[in-house]
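Notes follow the structure.
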Amino acid sequence: MIQFHNVSKTYPNGSIGLRHINLTIEEGELVVIVGSSGAGKSTLLRSINRLHDITEGDIQVGGKSITHAKDKELRRIRRDIGMIFQSFNLIKRATVLNNVLSGRVAYHSTFRTMLGMFPREDIELSLHALERVNIREKAYIRADQLSGGQQQRVSIARALAQEAKIILADEPVASLDPLTTRQVMDDLKRINQEMRITTIINLHFIDLAREYATRIIGLRAGEIVFDGSPEQATDEAFADIYGRSIRHDEMLGGEV
Amino acid sequence: MKPAVPGSGRKSPPDIQLIRGRYKRIATWLLIIVVFILCSIHIHATPYKLMTGLPQMGSLLQEMIPPDWSYIPTIWQPIMETIQIAIVGTTLGGILAIPVALLCAYNMMPNKWVSIPMRVILNLVRTIPDLLFASIFVAMFGIGPFAGMLALLFFSFGIIAKLTFESIEAIDPGPLEAMTAVGANRLQVIMFGVVPQAFPYFVSYFLYTFEVNIRAASVLGLVGAGGIGILLDRSLGLFRYDRASMIILITLVIVLAIDYGSTRIRRSLL
């Protein structure tokens with residue numbers, strides 16, 4: 001469970017990221033956050049694992065305040081939260097397996113990880129994670145040899161190897177073509193359903209949001225202006241979130 | 001292009017910019033030429049001087065050829081010492097450069113109270129030429145290869161740390177963010193996010209510095225800091241240019257061999 005209590009974020013330059021956010025996300029939900037660029041989607045997502053600090057309020061993850069967590073405790077909470085990025089953020093020169101294994105570092109001592117000595121079970125776990133996203137056969141290939149969609153799956157496998165209870169995905173399909181977009185979204189959905197991993201995804205395609213989400217949250221200027229089921233998220237509702245009518249490039253199109 | 005007549009570009013703003021750009025270019029070139037000529041005059045670098053000196057050079061070259069091949073057994077030991085000085089000095093300097101490079105890079109050490117003083121120290125080290133280092137260490141530790149090794153240690157440290165911290169600053173921050181999100185601590189973020197990205201550059205700079213150091217190590221002997229330089233100095237002092245050319249020839253062979261090897265390693269890394 002993730003709880004936002006009156007969370008606000010003001011950037012040092014005075015611009016406002018989040019404004020009085022109160023939000024509870026239950027276990028196993030697949031929440032899609034929508035909103036025009038600059039609405040605060042990324043800030044909201046990154047405040048959950050404190051990649052961004054908030055300036056007011058409190059965020060609790062699994063009952064523990066990440067806002068007030070100190071170093072070790074913070075890393076412990078982060079360990080349970082997997083993150084998927086628009087640009088994959090893999091180590092390009094390392095093998096796929098090593099990239100997935102890097103999801104395990106927070107489980108071991110600094111010394112052990114510095115030597116790269118991961119236990120046998122970790123390797124099994126990582127290979128299994130790769131299997132779940134159907135790229136086990138790529139385990140020993142360098143990450144930069146893979147296509148964009150495959151790289152994104154490696155980063156999903158990294159979150160799985162991490163044994164994350166929550167997955168945050170920040171525009172995970174923004175740099176992928178329509179076909180691989182669906183494959184990656186399908187992977188995320190399947191993992192969400194099979195493993196009951198709470199998943200929060202920032203998307204700018206509104207048809208994808210309707211198709212995959214169990215709950216849609218709309219942000220505008222750092223405020224929650226919509227929170228409801230995909231059925232409630234009509235074109236009118238989206239127009240309200242964006243403050244204008246929906247544009248063609250906000251639809252992925254294709255088979256829905 | 002028409003010549004720029006003052007006032008003719010008044011018709012529209014872009015024309016003025018065009019003419020202004022041209023004046024700027026001409027002024028820049030003039031400035032460069034004037035600076036160059038002034039410098040040449042001050043250091044008495046005149047074509048006349050070159051002409052009068054050239055015949056000297058010819059006779060010198062004549063004395064250098066053929067090299068004294070019988071000198072090889074004598075110089076073998078100091079040549080090896082030169083290489084050893086370069087290896088030890090570069091290695092220790094390179095190792096020392098790693099933590100300092102991390103402390104200098106703004107993306108690793110956002111605290112400017114640490115990174116800026118580190119940079120100042122680094123610049124200071126790089127200002128001191130290797131031969132000056134060698135003279136200082138000879139004065140401190142006496143004549144011999146130890147002083148030369150220390151000189152190269154500081155010299156390599158300066159170069160490698162500077163180049164490495166600049167590559168660290170240029171790395172993709174994405175993997176660092178990913179590692180932070182995974183719950184890694186600072187050292188783990190460096191090990192899994194920074195090292196894989198920066199290591200190839202580090203190795204490349206290390207090898208480059210090693211090449212430079214082989215050349216530097218061969219003149220360290222001029223100030224008594226070990227290596228082949230002592231014999232080079234002696235040969236020149238005794239006007240045995242055939243021996244000097246032998247030393248230069250051997251150094252050339254070694255430098256070429258190392259160049260070749262390190263180029264291959266660097267190519268396979270990047």
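The values are calculated or read from the model by the stated rules, or taken from the named source; none is laboratory data. What you are looking at is a predicted structure, and each value in this text was computed from that prediction instead of being measured. Quick reminder, even Gly has a Cβ in these numbers, built from the backbone with ideal geometry, and neighbours come from all protein chains shown.
Here the condition is being surrounded by fewer than 20 Cβ atoms within 10 Å (Cβ to Cβ) and either at pLDDT 90 or above or under 15 Å from the mean Cα position of the chain (by Cα) (or both); of B:GLY174, B:GLY148, B:GLY237, B:GLY158, it holds for B:GLY174 alone. With respect to being of a type in the set (Val, Ile, Thr), modelled with pLDDT of 90 or more and surrounded by fewer than 23 Cβ atoms within 10 Å (Cβ to Cβ), B:VAL195 fits the description. In the set (1) assigned to a loop (DSSP other than H, G, I, E, B); (2) within 30 Å of B:VAL194 (Cβ to Cβ), A:ARG46 fails one condition alone, (1). The criterion of being in contact with a Leu (Cβ under 8 Å, 6 or more places away or on another chain), of a type in the set (Ser, Thr, Tyr) and within 14 Å of another protein chain (Cβ to nearest Cβ) does not hold for B:THR74. In this structure, is B:MET108 under 27 Å from B:LEU187 (Cα atoms), in contact with a Cys (Cβ under 7 Å, 6 or more places away or on another chain) and either modelled with pLDDT of 90 or more or surrounded by 17 or more Cβ atoms within 10 Å (Cβ to Cβ) (or both)? The answer is no for B:MET108. Residue-level analysis places A:VAL34 among those that are in contact with a Phe, Trp or Tyr (Cβ under 8 Å, 6 or more places away or on another chain), away from chain B (no Cβ under 13 Å) and modelled with pLDDT under 95. List the number of the failed condition for A:ILE167; all other conditions in (1) over 11 Å from the mean Cα position of the chain (by Cα); (2) at pLDDT 95 or above hold. (1) is the only condition that A:ILE167 fails. The residue that is surrounded by the fewest Cβ atoms within 10 Å (Cβ to Cβ), counting only those in the stretch A:49-73 that are among the aliphatic types (A, V, I, L, M) and more than 9 Å from chain B (Cβ to nearest Cβ), is A:ALA69.
For the stretch B:236-252, filtering for residues that are over 15 Å from B:ALA217 (Cβ atoms) and free of Cβ contacts under 8 Å to residues at least 24 places away in the same chain leaves 3. Of the candidates B:PHE137, B:PHE141, the single residue that is closer than 21 Å to B:GLY226 by Cα and surrounded by 19 or more Cβ atoms within 10 Å (Cβ to Cβ) is B:PHE137.
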